[in-house]
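Input: a single structure, listed below in structure tokens.
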Amino acid sequence: MKQFENDIEKAAQIIKEGGLVLFPTETVYGIGANGLDDEAVKKIFIAKGREQDNPLILHISDMDMLPQIARNISELEYKLMDAFWPGPFTIVLEKKPGIAMTATCGGSTVAVRMPSNKIAHDLIKASNLPIAAPSANISGKPSGTNLQDIIEELEDKVDYIIDGGETDIGVESTVVRVVDGKVDILRPGRITKEDIETITSQVEIDKNVMGQIDASEKVLSPGMKYRHYAPKTHCKLVYSKDNEKLVAEVLKVAKEYKKVLILSSTENASRYEGYKVIDIGSRNNLTEISHNIFSDLRKIDDFDVDIAIIEGIEPTGFGLAIMNRLIRACEHDYIVV
Ligand code: TXA
Ligand code: MG
């Protein structure tokens, strides 16, 4: 693979001049641009083929960058930022008038995150600008968690690439919005409902996190309504609280097809003898599953099968974040037994 210079000063200069930089964060890679430069942000939408009504997260390195982009921040919002920043946590705030319309898609709110990854932090600090950055992938595909997976689709679309190895968490940040004193989880991530409940008891998971959305429906977070993470291969998600029932159901579905791939937990992999299997990690180690899941989803189409059956995990705690991505990878073809 190509060698990268990883020169943060040079990357920051490119951001300042309106270019695009592919860089790592602790969740997934991002495609960054100066969040205050409309022309630069437009390039991100073009590079990704992203829908024009799906706004971007602005990434900051220090609290003193916040007043530039947001206003009327409540005590609860400050408490949440204080608890979970820097880290995999994004909060939707009231936008300060006059900031770039392109990143926010003309809305009255702005999503803000302070990443903990050192390269991300140093890049934002060196450019001294809020960096607008969506996940690094062509729209619809799984987010990039290492350069090998995304280099081909993005190499020609960015001006500079920083290699930070594999990202740590593997799924994107938790996105929340505080409405009437209640924290609404718009996208689940490593910061869980239970984590947020240590700050306030008023926490809700948006109904669209596990539900199916009509494309015409008005939702609090536009990203929820688009096709995402889905391989070309038909994928089906199967879950049961009872492991024996889960294995039995996976085998039952498998019998209905000729060419089958099973994405299995390490514990059950040996039960699917005779089938092609990708081991997604231990059911008892969600960190391992989340770390690999997008790379595993990207492998599915290489197998030339009629169906990929994916074992689900319990959709609570951090498991909810993983299941939210899997349900969407399966375009809501989901069986619970
Ligand atoms: O972990 C992450 O959040 C990664 C890294 C690069 O920071 N970024 C990321 O960005 O996942 P993206 O663009 O792929 O996802 C941002 C999500 C989308 O679902 C979008 O709809 C939502 O955040 N979002 C952005 N601005 C919003 C706003 N003002 N109101 C509601 N939702 C918003
Ligand atoms: Mg994304």
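Summary table below
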quantity: Relative packing of peptides 164-171, 143-150, 281-288, 109-116 - highest average C-beta neighbours within 10 Å first; calculated: 109-116, 143-150, 164-171, 281-288
quantity: Pairs beyond 18 Å (Cα-Cα), from Lys16/Lys43; Lys207/Lys245; Lys79/Lys193; Lys141/Lys207; Lys96/Lys207; calculated: Lys207/Lys245; Lys141/Lys207; Lys96/Lys207
quantity: For Ser116, residues with placed amide H under 5 Å, excluding near neighbours; calculated: Glu26, Gly87
quantity: Radius ratio Rg over Rh of the stretch 235-336, counting only Cα atoms, Kirkwood formula for Rh; calculated: 0.91
quantity: Cut-off under 5 Å, modelled amide H: who pairs with Leu58 long-range; calculated: Ala111, Val112, Arg113
quantity: Cα-based radius of gyration of the chain once divided by 2.2 N^0.38 Å, which approximates compact folds; calculated: 0.99
quantity: Antiparallel bridge percentage (DSSP; both residues within the chain; nearest 5); calculated: 45 percent
quantity: Over the stretch 84-212, relative contact order from alpha-carbon pairs under 8 Å, at least 6 apart, %; calculated: 22 percent
quantity: For Ile310, distant residues with modelled amide H under 5 Å away; calculated: Lys236, Leu237, Val238, Leu263
quantity: Tilt relative to the chain, helix 319-329 - C-alpha long axis, 0 to 90 degrees, to 10; calculated: 80 degrees
quantity: Cα-based Rg and Dmax for the stretch 263-317, where Dmax is the largest Cα-Cα distance (Å); calculated: 11.3, 34
quantity: Relative contact order, percent, the chain [alpha-carbon distance under 8 Å, six or more residues apart]; calculated: 19 percent
quantity: Disulfide-incompatible cysteines by the Cβ rule (no partner under 4.7 Å) in the chain; calculated: Cys105
quantity: Stokes-Einstein D (µm²/s) once Rh is taken as the Kirkwood radius of the stretch 8-205 over alpha-carbon pairs, at 4 °C in 1.567 mPa s; calculated: 78 µm²/s
quantity: ³J(HN,Hα) computed for each position of the stretch 297-309 - Karplus, 6.51 cos²θ - 1.76 cosθ + 1.60, integer Hz, glycine/proline x; calculated: 4, 5, 7, 3, 5, 6, 8, 6, 10, 7, 8, 10, 9
quantity: Spread of Cα-to-Cα distances over 10 Å intervals beginning at zero, given as percent, for the stretch 204-274; calculated: 14, 36, 28, 20, 2
quantity: Charge sum, other residues only, whose C-beta stays under 13 Å from His121's C-beta, Lys/Arg counted +1 and Asp/Glu -1; calculated: 0
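We did not get these values from a lab; they are worked out from the coordinates using the rules stated. Note that the structure is predicted; figures quoted are calculated from it, not measured. All Cβ positions, glycine included, derive from the backbone under ideal geometry; neighbour counts span all protein chains shown.
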